[in-house]
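Following: one structure in structure tokens, then a few remarks.
FYI, it's all coordinate maths here, none of it is from the lab. Note that the structure is a prediction, hence the values are computed from the model and not measured. Quick reminder, even Gly has a Cβ in these numbers, built from the backbone with ideal geometry, and neighbours come from all protein chains shown.
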Amino acid sequence: MAGSGPEGTPVPGAGGRTSLSARAREAVRQRIVDRRYPMGSRLVEREIAEELSMSRVPVREALRALVAEGLLELLPHSGVRVRRLERADVRHLYEVWEPLAVQASRLAARRVARAEEAPDGLAALAALLERAEQAAAADEDEREVAAHTAFHEQIVSLGGNPLLARTMEQLSWQLQLLFGLHEEPDHMRSQHAEMFRHIAAGDEEAAAASTLLHVRDSRTVALRSLFG
């Protein structure tokens, strides 16, 4: 029978603390992405624990994990704050994302062409595209950002490469944070539709080319929007 650790938190092995830590990480992560915790703001462990109605131990573990993910950064003496994206951070993120996104589209189209991908995968991709368009029409920015992020993640899933998927997972929340900091122009929304058409047609080179254009346009828009 599992006992209890400090502050009434279940000891490891029962799965309780891991579950609470995961819940805390997800909650804090979402608040960062939707900017309830703005960039540069200091996060206080005690206050977050009270807000989430849980003990400080899982919150502490969650904050450490989010530092490792790159969403938070350690303060010089104690505590953490939401990472403020500088121009170099954005550039570095796109330098990594660009080749991975292009390869993901190429692999997804290749698997479609070889009939290695079930129709459900393409249907899910189409549904995410539709969800993003509906959110844009309703001026629901947060929902549109979430749908666009999920669209890119679904392309990775269609590619069927688990190593690529794990690598992209490390970038996902930083990308979602970045996407939420600026409005996506109409021509970039249409690029998503073009990417989908090429992937669904199994044209891997056209899918790769359209993705490359999209990522580079996204970088230009992000840098201009954030830094002028």
In the chain, once you exclude exposed trypsin sites (Lys or Arg not before Pro) (DSSP loop, at most 16 other Cβ within 10 angstrom), what's the longest stretch remaining? 115-228
Pick from 162, 76, 185: which is most flexible by mean-square fluctuation in a GNM of the chain where alpha carbon atoms under 10 Å apart are linked? 76
Need the C-alpha centroid separation for the range 108-133 versus the range 161-216, integer Å. 13 Å
Angle in degrees between helix 204-227 and the longest Cα principal axis of the chain, rounded to the nearest 10: 50 degrees
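If Lys and Arg each add +1 and Asp and Glu each add -1, what is the summed charge of the other residues whose beta carbon sits under 15 Å from the beta carbon of residue 165? The partial results should precede the final answer.
Values: positive: 106, 111, 166; negative: 117, 153, 169.
Combined, the nearby Lys, Arg, Asp and Glu give 0.
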Neighbourhood charge, 13 Å Cβ-Cβ cut-off, centred on residue 206 and excluding it, Lys, Arg +1 and Asp, Glu -1: -1
Per GNM of the chain with C-alpha springs under 10 angstrom, the most fluctuating residue out of 41, 53, 190 is 53
In degrees, nearest ten, helix 56-69 long axis to first principal axis of the chain (Cα): 30 degrees
Hey, what angle do you get for helix 87-113 against the long axis of the chain, alpha-carbon based, 0 to 90 degrees rounded to 10? 50 degrees
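Rounding to the nearest 20 debye, state how big the charge dipole of the chain is about its Cα centre with +1 on each Lys and Arg Cβ and -1 on each Asp and Glu Cβ. Write out the running numbers ahead of the final one.
On the way: 29 positive and 34 negative charges, 174 e Å.
Computed charge dipole of the chain: roughly 840 debye.
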Would you kindly derive the ³J(HN,Hα) couplings of the range 128-133 from the backbone phi angles with the Karplus curve 6.51 cos²θ - 1.76 cosθ + 1.60 (θ = phi - 60°), listing them in order in whole Hz, with x for Gly and Pro? 5, 4, 5, 4, 5, 5
Counting C-alpha atoms alone, how compact is the chain: give Rg to one decimal and Dmax as a whole number, in angstrom. 19.5, 59
